[in-house]
Amino acid sequence: MEKLFPMMLFIYLFISSFLPAQDKNNVPRVPGWSKDAVWYQIFPERFANGDKTNDPTPHDMEGAWPYNIPEGWHISPWTSDWYKLQPWEKADGHDFYWNAGIRRYGGDIQGIIDHLGYLEKLGITAIYLTPIFESPSLHKYDTRMYHHIDNNFGPNPKEDEKIWASENPADPKTWKWTTADKLFLKLIQEVHKRGMKLIIDGVFNHVGTSFWAFQDVVKNQQKSAFKDWFKIKSWDNPATPENEFEYEGWAGVKDLPEIRKDAQTGLEKGFADHIHSIIKRWMDPNGDGNPSDGIDGWRLDVAEKIDMVFWKQFRKWVKEVNPEAYITGEILWENWQVNKMFNASPWLQGDSFDGVMNYRFAQAVKKFVTDVNDQISPGAFADSIEMIKREYPKDNFYAVQNLFDSHDVDRISSQIVNPDKWYDHEANPAQNKDYKVRKPDKTELLKQKLAAGIQMTMPGAPMIYFGDEAGMWGGDDPDCRKPMVWSGVKYETEIADPLGRERKPDPVFFNTDIFNWYKKLIDIRKENKVLSEGDLSFLYINNGNKVLGYRRMLDNKTTFVILNNGNTNKSIEMKLESPDNKGNVLTNLADGKRVTGKDNIYKIDLQPYQIMILR
């Protein structure tokens with residue numbers, strides 16, 4: 001037996017290396033569903049206005065920038081020309097970019113519920129919502145309270161305010177369910193009924209100035225029970241007419257008081273305990289130990305700003321409620337000034353996150369597909385993907401969210417219209433007067449289709465920013481936050497320009513052709529598990545012809561992806577061998593056409609910016 005033990009150990013380790021990594025409780029470290037997910041990111045205020053009776057009023061905006069609502073302010077028309085100033089905006093004397101920050105369009109939870117059928121038709125399996133907790137701003141990253149959904153997202157804002165007033169926000173035992181909370185729980189139910197998952201934004205590095213605990217500190221100063229939650233520089237001296245109260249805001253922004261960090265717990269213990277209560281409230285709302293009525297995970301804002309010791313504890317809390325919950329982080333710029341993104345591997349080592357928003361993937365595709373003068377070669381693109389593959393643990397590599405854009409960067413379509421810039425730099429007219437605000441032309445839409453084809457055939461779960469599939473365009477914040485363009489709705493033609501430049505009219509409408517392409521790609525991915533979980537290998541790199549080929553393999557099933565990143569027709573010969581190809585006939589899943597070869601040698605004809613998915 002003693003002689004057999006080393007051999008048995010070797011066999012065990014060899015076999016276990018091929019199995020999914022698991023935690024101490026024998027639960028897969030990364031939720032299996034997250035590898036097969038097709039994500040859709042929603043910015044709730046701009047997705048759909050399903051209930052006009054709950055639209056924000058100046059009262060609801062108190063406590064948010066600019067702290068003074070212009071006379072005549074009202075909800076902006078959903079279908080209006082984006083850059084056109086409304087009468088009240090002209091009267092206040094400010095430019096478009098000032099006014100954009102105070103606009104509201106009335107998107108809400110009911111609007112999301114109303115369009116779940118649309119997402120189901122598209123093929124979406126998982127939804128990520130940017131912040132939905134109570135907040136006076138349009139973006140909700142300045143939290144007023146975590147234990148309630150924003151009352152303007154629910155059916156009865158005034159009733160919800162009465163419920164708030166009856167609670168002690170520091171004591172979970174007093175918390176009740178508002179009408180907005182209940183509607184959100186209905187959204188979760190409707191999402192789960194369709195076999196989809198739902199995660200929400202956790203903004204725990206900072207809060208808003210209207211946050212209940214910060215308001216207590218402002219009022220009671222050193223006597224506040226929550227004084228240690230924040231980074232206080234100096235207290236007010238009541239004996240002087242001046243207000244000496246000073247605190248740190250995230251990135252120097254006073255609107256966002258930063259939570260104090262603690263060496264032992266990562267975040268100040270009292271605040272961390274509050275977040276623990278928030279986790280349990282939204283992940284198991286009725287507290288019965290069955291998480292099916294709760295959210296399916298968290299996206300964590302500016303995650304690198306919070307010490308890993310807290311995220312390890314956070315993961316433990318989350319997985320205790322639901323072992324299959326998904327945790328993803330926003331890990332983006334290590335040094336924005338020099339265009340250096342984080343290698344997120346430290347956050348993907350098994351005791352913190354399951355995935356990250358894979359901005360490195362976005363940057364690689366941008367350099368490969370959207371850039372012109374600074375375009376990288378197929379080989380350089382392959383190297384970029386291989387580097388991520390090497391640096392990230394295998395399970396996590398398949399579970400990261402492969403995106404192109406989000407609420408924080410310019411849309412993929414506008415990246416294509418404005419090539420040869422650093423990702424997330426000088427990406428709207430306010431930052432760069434030469435930035436083009438027009439819609440993409442036919443060739444540029446072909447590039448977007450190619451980018452989407454790459455996204456849907458690579459390891460990592462694809463994530464679509466709302467409206468990309470509808471043909472929407474727009475620069476960096478706020479221009480990436482236009483109201484959703486819906487089919488069957490008439491929109492004003494865009495003719496206005498934020499800088500007063502001359503501009504050709506751009507008709508705004510739902511692009512059915514782009515939608516059908518995204519739907520086709522999603523269907524292909526969902527019907528071929530090899531595209532979500534199969535091994536990746538690059539098998540053909542022709543830098544001169546701008547042609548790239550890669551193979552996905554899973555359980556002796558093979559799919560070949562061949563693409564032309566150039567604007568001319570290409571004809572190449574390739575050897576494509578696979579265990580499941582017995583008849584030398586491959587079918588392009590994108591159009592149903594067959595490609596016949598001999599001795600595994602195939603002649604591949606590619607149109608400009610075409611991608612072929614061969615099985």
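Below are the figures for this structure:
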| read-out | value |
| --- | --- |
| For the stretch 479-611, accessible area per residue (1.4 Å probe, heavy atoms of protein chains only), Å² | 51 Å² |
| Overall dimensions of the stretch 445-567 by Cα: Rg and Dmax, Å | 18.0, 59 |
| Heavy-atom accessible surface of the chain: percent carbon and sulfur, 1.4 Å | 51 percent |
| Relative contact order %, the stretch 94-155, counting alpha carbon pairs below 8 Å whose residues are six or more apart | 32 percent |
| Rotationally averaged projected area of the stretch 282-359 (alpha carbon convex hull; nm²) | 5.3 nm² |
| Accessible area per residue in Å² at 1.4 Å probe, computed on the stretch 170-301 | 44 Å² |
| Nearby aspartates and glutamates by direct alpha-carbon distance to LYS603 (threshold 12 angstrom, same-chain neighbours under 8 apart not counted) | GLU573 |
| Binned Cα-Cα distance frequencies in the chain - 10 Å width, integer % | 3, 15, 26, 26, 18, 8, 3, 1, 0, 0 |
| Candidate aspartates and glutamates - alpha carbon under 16 Å from LYS389, same-chain residues fewer than 8 apart omitted | ASP354, GLU533, ASP535 |
| Which listed pairs, of LYS319/LYS366; LYS449/LYS529; LYS173/LYS312; LYS35/LYS442; LYS173/LYS394; LYS254/LYS449, have C-alpha distances above 30 Å, in listed order | LYS319/LYS366; LYS35/LYS442; LYS173/LYS394; LYS254/LYS449 |
| Environment charge of TRP212, counting only residues whose C-beta is closer than 12 Å and scoring Lys/Arg +1, Asp/Glu -1 | -2 |
| Whole-Å semi-axes of the stretch 139-190's equivalent ellipsoid (Cα gyration tensor) | 17, 13, 12 |
| Restricting the stretch 244-289 to trypsin sites (Lys or Arg not before Pro) in coil, as DSSP defines it, with at most 16 other Cβ within 10 Å | LYS254 |
| Subset of LYS182/LYS280; LYS421/LYS504; LYS261/LYS340; LYS176/LYS261 violating a 18 Å alpha-carbon distance limit | LYS421/LYS504; LYS261/LYS340; LYS176/LYS261 |
| Binned Cα-Cα distance frequencies in the stretch 203-271 - 5 Å width, integer % | 4, 17, 28, 26, 16, 6, 2, 1 |
| Fraction of beta bridges assigned by DSSP in the chain that are antiparallel (%, nearest 5) | 65 percent |
| Residue-by-residue Karplus 3J(HN,Hα) for the stretch 372-388, coefficients 6.51, -1.76, 1.60, Hz, glycine and proline x | 10, 5, 9, 4, 8, 7, x, x, 5, 5, 4, 4, 5, 5, 5, 5, 4 |
| Distance cut-off 26 Å, percentage of C-alpha pairs in the stretch 319-450 lying past it | 28 percent |
| Where only C-alpha atoms are counted, convex hull volume of the stretch 136-295 per residue in Å³ | 144 Å³ |
| 222 nm mean residue ellipticity, helices alone, for the chain (DSSP H n ≥ 4; -39,500 (n - 2.57); rounded to 500) | -8000 deg cm²/dmol |
| Bins of 5 Å from zero: percent of alpha-carbon pairs in the stretch 382-473 | 3, 12, 21, 22, 19, 13, 8, 3, 0 |
| Stretch gain in nm, segment HIS59-ALA263, where the contour uses 0.36 nm per residue and the Cα spacing is subtracted | 69.5 nm |
| Longest to shortest principal axis, alpha-carbon extents of the stretch 52-146, angstrom | 45, 33, 24 |
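The values are calculated or read from the model by the stated rules, or taken from the named source; none is laboratory data. Because the structure is a prediction, the values reported are computed rather than measured. Cβ: placed from backbone, ideal geometry, glycine included. Neighbour counts: every protein chain shown. Please note that ligands, DNA and RNA were not included when accessible areas were found on the heavy atoms of the full protein model with its side chains. Shrake-Rupley method; radii C 1.70, N 1.55, O 1.52, S 1.80 Å.
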